[in-house]
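Before any comments, here is the structure.
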Amino acid sequence: MKNIGNLMKQAQEMQTKMQEMQDRLAEVDVTGAAGGGMVTVTMNAKSEMKAVKIDPTLFSAEDAEVVEGLIVAACNDAKTKAEATMQEEMAKITGGLNLPPGMKLPF
């Protein structure tokens, strides 16, 4: 029974740490760029978009499709960076755990 008590305590501590990590990730901004920086997207490390900036020289009716593609590319770049930041933070919390391959936290 003592092991179960310790396990429950560890699970509760990890849950607290995970919530703290989620709160910190909401405050960390990452910026993705496309088109040599002509389009930038800023999001937090929880992949919530916060801002889009577009170089004014891209604005013309015939370039709309190009701008749309650059926005998608910049969003994907920012999301990749946000996911990497989240994985780094998660590794700090789960450093001592040997999770099976493919198992991710939070569940």
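Any read-out appearing in this document is the output of simple, stated calculations on the displayed coordinates, not a laboratory observation. Keep in mind the model is a prediction, meaning the values are calculated, not measured. Virtual Cβ from ideal backbone geometry, glycine too; neighbours counted across all protein chains shown.
Side notes on the structure shown:
- In this simple spin-label approximation, Phe59 and Glu20 carry label points 7 Å from Cα along the Cα→Cβ vector, and these lie 4.6 nm apart.
- Put simply, when 73-80, 20-27 are sorted by average Cβ atoms within 10 angstrom per residue, most first, you get 73-80, 20-27.
- Shape class for the chain, computed from the alpha carbon gyration tensor (a ≥ b ≥ c): prolate, with a/c not under 1.5 and a/b above b/c.
- Counted by Cβ distance under 15 Å from Lys50, the other residues give a net charge of 0, where Lys and Arg count +1 and Asp and Glu count -1.
- Within region 1-82: Cβ-based charge dipole about Cα centre, in debye rounded to nearest 20 (Lys, Arg +1; Asp, Glu -1): 740 debye
- Low-density loop cleavage sites - GluC sites (Glu not before Pro) in region 40-86, where at most 11 other Cβ are within 10 Å (DSSP): Glu48
- The order of Ser47, Ser60, going from fewest to most other C-beta atoms within 10 Å of their C-beta, is Ser60, Ser47.
- Counting neighbouring Cβ atoms within 10 Å and putting the fewest first, the residues Lys81, Lys92 line up as Lys92, Lys81.
- Helical content alone sets the calculated 222 nm signal of the chain at -18500 deg cm²/dmol, taking -39,500 (n - 2.57) per DSSP H segment of four or more residues and averaging over every residue.
- Built amide H within the under 5 Å cut-off of Val28, gap 5+: Ala45
- If you plug the beta carbon distance of Gln12 and Thr42 into 1/(1 + (r/R0)^6) with R0 = 35 Å, you get a FRET efficiency near 0.50.
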